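Input: a single structure, listed below in structure tokens.
Computed from the coordinates by the stated procedures, all read-outs in this text should not be read as laboratory data. Bear in mind the structure is a predicted one, so any value in this text is a computation, not a measurement. Backbone-built Cβ (ideal geometry, glycine too); neighbour counts: all protein chains shown.
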2 protein chains.
Amino acid sequence: MEIDNFIEFKSSPQIREKLAEYGISKSFKEGDIILKENSYINSIPIVKSGSIRVMRTDEDGREILLYYIKSGESCIMSFLGGIHNDTSKVKAIAEEESEILFIPIEKVSLLIKEYPEWLDYIFRLYHKRFEELLEVVNAVAFKKMDERLLNFIKKKCELTMSHNLYVTHEQLAKELGTVRVVVSRLLKQMEFEGHVKLGRNKITLL
Amino acid sequence: MEIDNFIEFKSSPQIREKLAEYGISKSFKEGDIILKENSYINSIPIVKSGSIRVMRTDEDGREILLYYIKSGESCIMSFLGGIHNDTSKVKAIAEEESEILFIPIEKVSLLIKEYPEWLDYIFRLYHKRFEELLEVVNAVAFKKMDERLLNFIKKKCELTMSHNLYVTHEQLAKELGTVRVVVSRLLKQMEFEGHVKLGRNKITLL
DNA sequence: TACCTTATGTGACTTTGGTCACCTTTTAGC
DNA sequence: GCTAAAAGGTGACCAAAGTCACATAAGGTA
């Protein structure tokens, strides 16, 4: 059995109240950049609705998807970075329209001391992120592009509970850390082999 | 500036005492396997002396180095896994002769509640490991083998404060997630370019 | 010294994936 | 309907790295 894939912050009414008191809520549109690399962090985000994708960027502009932050989750990198007064090593982008609550770092430390559930929440998140990162390492180090691409499509489809995925090849390429031509080529091959059906802005999993 | 590269567990005498009381100390020789993939975790290791290398293994036997656990540090993966009653996703091997203190998971949770410094220690470690994992992702996703190899050799040399590295090409290949032939080839090229000097079981950085 | 074992060197070849160039298709907006 | 922008298709080519096969070399030891 897998560890719970969905980590919800089952907060007591007290914490909710505190969070609402300490935090500032902001809205983001799809594609909005929430956090840039190398920027200082002084608050941690909790995703109230929507989802965020966290990318690692290379010096020469190439990117790769690390993981998604879904509704109810927080960005653990921010948390660590914030606590140790470090800069962000990743970029966070709104995957869809999202509502995010920002909690100042000092308040976070405070909450940890006061509410043990909060600490548990953070440990769970860490654990999840760590495993996701290991999966990325695994994929990049040992898997071929076609397998990674197919896995990625499957995962995305599972997430939206649909057989249709609405993305461009360019987007897929970015998230997998490669280029459009490669994705197009592999997708065509996959279509030929009967794994998918292609359309403009659309991939149907068979 | 970088965040402190050396994370020491500056424990109060009280914690040291508790640790000695709760923990079991074991010795490992170079190459001993401390933790296998998929094994259940019921205690977390603290490295008293020596160092451990943590590897990720693929289903078909290929491996890649994730990071080292040095003296004074703990294995954060174990900690998370242990707390959530999960199995290990990584393999840990003694890099040299090492002395390790194993603390049962229940006691760890207890210590966290009692001693805030301990929590801080854990957060620091997490942060460090996270950044190291990001570096691995970066390297594997975007760097070419020759660059990775040279970086790896440099890092190893820094660690031992020497210009000589005593490893076989086979070992290097394992840690970088490739095969011996590739390493030999690249090393020869690097020797030709004057970056290193090669010997049997020995690489000298110039 | 003779004989293994382990480590390394290397040529030949293949696969994967990145690069370039240019074409075709689709769609939104006028 | 016309047109530009965006998305996708494709051939040609190249470099990196994995695979295979076999040749050497360096040390250890009976």
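Results, tabulated for the structure shown:
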{"item": "Computed [θ] at 222 nm, helices only, for chain B once each DSSP H run of length n ≥ 4 contributes -39500 (n - 2.57)", "result": "-14000 deg cm²/dmol"}
{"item": "Of A:Lys18, A:Lys89, A:Lys70, the one that fluctuates the most in a GNM where chain A has Cα springs shorter than 10 Å", "result": "A:Lys18"}
{"item": "Residue range of chain B that is longest and free of GluC sites (Glu not before Pro) which are both DSSP loop and sparsely packed (at most 14 other C-beta within 10 Å)", "result": "B:98-192"}
{"item": "Inter-copy separations for B:Lys48, label at 7 Å along Cα-Cβ, nm, ascending", "result": "5.2"}
{"item": "Label spacing, shortest first and in nm, from B:Met145 to its equivalents in the remaining copies (7 angstrom along Cα→Cβ)", "result": "1.8"}
{"item": "Relative contact order for chain B, counting Cα pairs under 8 Å that sit 6 or more residues apart, in percent", "result": "22 percent"}
{"item": "Derived scalar couplings ³J(HN,Hα) [the range A:128-139; Karplus, 6.51 cos²θ - 1.76 cosθ + 1.60; whole Hz; x for Gly, Pro]", "result": "4, 4, 4, 5, 5, 5, 4, 4, 4, 4, 4, 4"}
{"item": "Alpha-carbon Rg/Rh ratio, for the range A:64-104, with Rh computed the Kirkwood way", "result": "0.95"}
{"item": "Of A:Leu110, A:Leu19, A:Leu125, the one that fluctuates the most in a GNM where chain A has Cα springs shorter than 10 Å", "result": "A:Leu110"}
{"item": "Long-range HN-HN contacts of B:Ser43 with modeled amide H, under 5 Å", "result": "B:Ile105"}
{"item": "Label spacing, shortest first and in nm, from A:Glu193 to its equivalents in the remaining copies (7 angstrom along Cα→Cβ)", "result": "3.5"}
{"item": "Test item: Cα-centred dipole of the protein assembly as shown, Lys/Arg +1 and Asp/Glu -1 on Cβ, debye", "result": "940 debye"}
{"item": "Separation of alpha-carbon centers, the range A:169-201 and the range A:126-166, rounded to whole Å", "result": "14 Å"}
{"item": "Size of chain B as Cα extents on the principal axes (Å, biggest first)", "result": "58, 36, 32"}
{"item": "Mean Cα-pair separation over length for the range B:145-205, i.e. relative contact order, pairs under 8 Å, 6 or more apart, %", "result": "37 percent"}
{"item": "Calculated over the range B:63-144: convex hull of Cα atoms, volume per residue (Å³)", "result": "113 Å³"}
{"item": "Candidate aspartates and glutamates for bridging to A:Lys113, where Cα separation is under 18 Å - those fewer than 8 sequence places away on the same chain excluded", "result": "A:Glu17, A:Glu21, B:Glu114, B:Glu117, B:Asp120"}
{"item": "Per-residue mean of C-beta atoms belonging to partner chains within 10 Å, peptide B:63-70", "result": "1"}
{"item": "Per-residue HN-Hα couplings for the range B:142-158 [Karplus 6.51, -1.76, 1.60; θ = phi - 60°; Hz; x = Gly/Pro]", "result": "10, 9, 8, 4, 4, 5, 4, 4, 5, 4, 4, 4, 4, 4, 4, 5, 3"}
{"item": "Residue-wise HN-Hα coupling along the range B:189-206, computed from phi with Karplus coefficients 6.51, -1.76, 1.60 (Hz; x: Gly, Pro)", "result": "4, 5, 5, 4, 7, x, 7, 9, 10, 9, x, 6, 6, 8, 10, 10, 7, 9"}
{"item": "Descending principal axes extents, the protein assembly as shown, alpha-carbon based, whole Å", "result": "57, 56, 41"}
{"item": "Distant-in-sequence amide H partners of A:Asp32 (H built 1.01 Å from N, under 5 Å)", "result": "A:Ala94"}
